[in-house]
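Structure, as structure tokens:
The values are calculated or read from the model by the stated rules, or taken from the named source; none is laboratory data. As the structure is a prediction and not an experimental result, all values here were calculated from the model. Methodologically, a virtual Cβ is constructed for each residue, glycine included, from the backbone with ideal geometry; neighbour enumeration extends over all protein chains shown. All accessible areas refer to the heavy atoms of the entire protein, side chains included, with ligands and DNA or RNA removed. Shrake-Rupley method; radii C 1.70, N 1.55, O 1.52, S 1.80 Å.
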Amino acid sequence: MCTTCGCGHGQVSINGKRGHGHGAPGSGYRLAGQRHGPLDAAHAPDTPAERIVAIEQDILADNNARAARNRRLLAERGVFALNLVSSPGSGKTSLLVDTIGRWAGRKPVAVVEGDQQTANDAERIRAAGAPAVQINTGKGCHLDARMVAQALARLERDRAMPNGGLLLIENVGNLVCPAAFDLGEAHKVAILSVTEGEDKPLKYPDMFRAADLLIISKTDLLPHLDFDIAAAIRMARRVRPGLPVIRLSVKTGEGCDEWLNWLAAGEGG
């Protein structure tokens, strides 16, 4: 797990400005650029297993406390926040761009974009008409609650917090670590494209178990692939019984109204 290997210790930037995604004193995080620190113990061959578990627990406890503060702030602002999680290339950003267009004229929407590098996705979101904060995680493989708190503060400063509306958080493409980190969202939405294997839910069960909705994306490609959509749904529901599923294509519009209705029901109409 990344909490012990230290992959999240690289410098984080918010809209291109450097900050610290990890590094709270006493949290178990290594500060950005710090060469030695609590996480180095996890690499030592004689580190006791219970010490590794303690490091993980400390980091997750710190993150969960910060997530709870994010959740309270979002509740005070009447914001319905979603954490979109998937492998790289599943179509998360395309879904967000399409959603922003279809959502136009309803309640406010803003986006938090997570990537290791570049602001390409945030630029696409802004071009679609929604405010976006870009988080670059550097060597980090997921967003955490501290990073999202910084993004929320930026939205507040820019008077772009979607009060009474939607906040869509696009996590770093990764089906492992984001499952463990609460950001303060109302729900995790897992996206599985038909260009992937239908057994992904069994290979990465923690992520699909943590999700409250599964979107199977790029369904317009089904005629050209061997993807078994019924098997994918069956495997996802083995991991998370009763998991709601939306089959969706931003190219044909399949499932897009169902997705918007799910959003509207969750954020209050």
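Only residues that are aromatic (Phe, Trp, Tyr) and in contact with an Asp or Glu (Cβ under 7 Å, 6 or more places away or on another chain): list them for segment 213-260, please.
Of all residues in segment 213-260, those aromatic (Phe, Trp, Tyr) come to 227, 259.
Scanning segment 213-260 gives a single hit, Phe227.
What about Asp212, is it open to solvent by 40 Å² or more (accessible area, probe 1.4 Å), over 18 Å from Thr93 (Cα atoms) and out of contact with any Gly (no Cβ under 6 Å at 6 or more places or on another chain)?
yes
Taking segment 120-131, which residues are in a helix (DSSP H, G or I) and out of contact with any Lys or Arg (no Cβ under 9 Å at 6 or more places or on another chain)?
Residues satisfying the conditions are Asn120, Ala122, Glu123, Arg124, Ile125, Arg126, Ala127, Ala128.
Condition check: over 30 Å from Thr252 (Cβ atoms), buried (at least 17 other Cβ atoms within 10 Å of the Cβ) and modelled with pLDDT of 95 or more. Does Asn70 satisfy that?
yes
What is the number of the single condition among (1) over 19 Å from Gly140 (Cβ atoms); (2) surrounded by 21 or more Cβ atoms within 10 Å (Cβ to Cβ); (3) touching an Asp or Glu at 6+ places or on another chain (Cβ under 8 Å) that His187 does not meet?
Unmet condition: (2).
Suppose the filter is in contact (Cβ under 8 Å) with a residue 12 or more places away in the chain, under 25 Å from Arg71 (Cα atoms) and in a loop (DSSP other than H, G, I, E, B); does Arg159 pass it?
Working: in contact (Cβ under 8 Å) with a residue 12 or more places away in the chain: no; under 25 Å from Arg71 (Cα atoms): yes; in a loop (DSSP other than H, G, I, E, B): yes.
No.
Report yes if some residue within segment 210-220 is more than 20 Å from the chain's Cα centre (by Cα), at pLDDT 95 or above and over 22 Å from Ala81 (Cβ atoms); otherwise report no. Talk me through it step by step, then tell me what you get.
In the first step, residues of segment 210-220 are kept if they are more than 20 Å from the chain's Cα centre (by Cα); the result is 219-220.
Cutting the leftovers down to at pLDDT 95 or above gives us 219-220.
Filter again for over 22 Å from Ala81 (Cβ atoms), leaving 219-220.
Looking for residues that are more than 20 Å from the chain's Cα centre (by Cα), at pLDDT 95 or above and over 22 Å from Ala81 (Cβ atoms), one finds at least one in segment 210-220, hence yes.
Of Thr219, Thr195, which residue is open to solvent by less than 40 Å² (accessible area, probe 1.4 Å), of a type in the set (Ser, Thr, Tyr) and touching a residue at least 12 places away in the same chain (Cβ under 8 Å)?
Thr219
The rows are residues; the columns are (1) under 23 Å from Arg240 (Cβ atoms); (2) open to solvent by less than 10 Å² (accessible area, probe 1.4 Å).
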position	(1), (2)
Arg102	no, no
Lys107	no, no
Ile135	no, yes
Lys139	no, no
Arg146	no, no
Gln150	no, no
Asn163	no, no
Pro178	yes, yes
Phe208	yes, yes
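Could you tell me which of the residues Gln150, Gln117, Gln134 is part of a loop (DSSP other than H, G, I, E, B), within 24 Å of Ala179 (Cβ to Cβ) and in contact with a strand residue (DSSP E or B) (Cβ under 6 Å, 6 or more places away or on another chain)?
After applying the criteria, what remains is Gln117.
Considering only strands (runs of 3 or more DSSP E) fully contained in segment 179-269, which possess at least 2 residues that are in contact with a Ser or Thr (Cβ under 7 Å, 6 or more places away or on another chain)?
In segment 179-269, the matching strands (runs of 3 or more DSSP E) lie at 187-193.
Does at least one position in segment 130-153 carry a residue that is touching a Phe, Trp or Tyr at 6+ places or on another chain (Cβ under 6 Å), within 17 Å of Gly184 (Cβ to Cβ) and among the charged types (D, E, K, R)?
Scanning segment 130-153, I find at least one residue that is touching a Phe, Trp or Tyr at 6+ places or on another chain (Cβ under 6 Å), within 17 Å of Gly184 (Cβ to Cβ) and among the charged types (D, E, K, R), so the answer is yes.
Do you know which residues across segment 75-94 are in a helix (DSSP H, G or I) and either among the acidic types (Asp, Glu) or out of contact with any helix residue (DSSP H, G or I) (no Cβ under 8 Å at 6 or more places or on another chain) (or both)?
To start, the set of residues in segment 75-94 that are in a helix (DSSP H, G or I) comprises 75-77, 92-94.
Passing the criteria: Ala75, Glu76, Arg77, Lys92, Ser94.
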